[in-house]
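What follows is a set of notes on a single structure, which appears directly below.
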Amino acid sequence: MQTQDKLTDKQLSDEQSREIAETIREELARRRISRQALAEQAKLSLSTLEKVLGGRRPFTLATMVRLEQALGVSLRKSAVVVTSPAANDVAPDSLGSYAHRAVSWLEDVYITLRPSFGDKDAIFAYRTEIIWEPKVSSLVFREGDRTDAAYEHTGEVAVPHQSGFIYLVIIKHGQHRVITVSRPTVAGEMYGIISTLRAGPGSQLTPVAAPIAYVPLKNVPKPSLGRVAPDDANYGLYRKHLRRTVEESFALFLPA
């Protein structure tokens with residue numbers, strides 16, 4: 001026990017501390033969360049967080065691990081090694097080589113919101129569950145409660161450390177559908193872009209991109225699913241989430 005305490009209390013070098021501080025500041029900017037919120041999630045005092053981010057105190061392994069768990073990202077460089085997860089608990093390199101414990105904060109049931117492709121004034125809402133699948137050693141997502149049940153999808157979740165974004169990917173018979181979203185806000189919402197095919201008359205398919213939002217189910221007391229019209233009680237809330245995607249620059253749609 002004393003040996004473990006000494007390990008976790010070990011101070012990192014100045015160079016390692018600077019690299020970790022820079023990564024944390026980038027994550028705070030991407031997610032639009034405050035240092036106070038991060039300190040609370042990591043169960044650290046705000047004073048401690050301010051000192052390590054400002055270079056007035058070096059990071060310890062214990063502090064770094066707490067921040068990794070709160071942010072769900074690896075802050076470690078090759079020179080900093082604490083533990084090595086079991087091989088079947090790490091996603092493939094093609095999905096970001098993330099450990100299960102590092103992304104467990106993503107596991108939840110979400111209300112998925114995007115514009116309706118068939119009605120310009122409506123919002124299409126359905127359920128998406130993100131869970132760890134041991135058989136494939138990665139996060140997967142599963143859609144449900146769609147009015148067009150034939151198009152419910154299951155796919156893989158990529159969480160690369162470099163970009164700071166999350167990708168929900170489907171590759172079926174050579175066809176691709178990709179959803180790119182931000183890392184969760186403090187409230188757990190994720191915002192981004194869906195790139196897919198819109199079904200038209202007969203066998204006609206048209207490439208389409210649209211804003212998309214994932215809102216934790218627990219954040220909506222009485223969720224509406226399906227094609228949500230303007231007279232629905234949740235329409236205003238759903239529209240606010242979709243507008244936030246663009247208004248707060250989680251995603252950009254450039255003019256032709």
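Stretched out straight at 0.36 nm per residue, the stretch from Glu247 to Asn219 would grow longer than its current Cα-Cα span by 8.0 nm. Annotation: per residue accessible area for the chain equals 54 Å², rounded to a whole number [probe 1.4 Å, protein chains only]. Distance between Cα centroids, region 152-180 to region 203-228: provide it in whole Å. Centre-to-centre (Cα) distance: 16 Å.
Using a 10 Å cut-off on Cβ atoms, rank the peptides 29-38, 65-74 from the highest mean neighbour count down.
Details: 29-38: 15.0, 65-74: 19.4.
Answer by packing, highest mean first, reads 65-74, 29-38.
Computed from the Cβ-Cβ distance with R0 of 45 Å, the FRET efficiency linking Gln204 to Ser163 stands at 0.85.
Could you work out the helix-only [θ] at 222 nm for the chain, with each DSSP H run of four or more residues adding -39,500 (n - 2.57) and the total divided by the number of residues, to the nearest 500 deg cm²/dmol?
Details: 7 runs with 69 residues, N = 256.
Helices in the chain give a 222 nm mean residue ellipticity of -8000 deg cm²/dmol.
Computed as a quarter of the hull surface, the mean projected area of the alpha carbon convex hull for the chain stands at 16.7 nm².
The values are calculated or read from the model by the stated rules, or taken from the named source; none is laboratory data. Keep in mind the model is a prediction, meaning the values are calculated, not measured. Cβ sites come from the backbone with ideal geometry, for glycine too, and all protein chains shown count toward neighbours. SASA here: full protein model, heavy atoms, side chains in, ligands and nucleic acids out. Shrake-Rupley method; radii C 1.70, N 1.55, O 1.52, S 1.80 Å.
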